[in-house]
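Chemist: Dumping the structure here so I can ask a few things about it.
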Amino acid sequence: MVSLKSAKSGIAFPSDLTLLKQVFDRVCVEEGIPVGSEQAERLSVSATELFSDGEFDEAAVLYERLRLYAQL
């Protein structure tokens, strides 16, 4: 279980950003979302908003939410 340290504080640590990018990349690959596409851009905005809102404590939660957004 991987926790994001800054989810509640609003401060982004380098390890948080690395993990956020890894989750984003995984969802893009699994959902067949091309890098640089409009859909990828929308998904990155969603990922950033989830992170900023502090609505999750674990990477697994972020992953599941991004997968749902990607399928919309």
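Chemist: Does any residue in the stretch 1-26 that is closer than 15 Å to ASP53 by Cα and open to solvent by 70 Å² or more (accessible area, probe 1.4 Å) come within less than 9 Å, Cβ to Cβ, of a residue that is at pLDDT 85 or above and part of a helix (DSSP H, G or I) six or more places away or on a different chain, and which pairs are these?
Modeler: That search, which allows pairs on different chains as well, returns nothing.
Chemist: Considering the stretch 32-59 alone, what residues qualify as being open to solvent by less than 60 Å² (accessible area, probe 1.4 Å) and either in a helix (DSSP H, G or I) or of a type in the set (Gly, Ala, Ser) (or both)?
Modeler: GLY32, SER37, ALA40, LEU43, SER44, SER46, ALA47, LEU50, PHE51, GLY54, ALA59 - these are the residues of the stretch 32-59 that are open to solvent by less than 60 Å² (accessible area, probe 1.4 Å) and either in a helix (DSSP H, G or I) or of a type in the set (Gly, Ala, Ser) (or both).
The values are calculated or read from the model by the stated rules, or taken from the named source; none is laboratory data. Computed from a prediction, not measured in an experiment: that's the story for all the values here. Here Cβ is always computed from backbone atoms with ideal geometry, including for glycine, and neighbour counts include all displayed protein chains. Ligands, DNA and RNA are stripped out before the accessible areas are found, and what is left, the full protein with its side chains, is counted by its heavy atoms. Shrake-Rupley method; radii C 1.70, N 1.55, O 1.52, S 1.80 Å.
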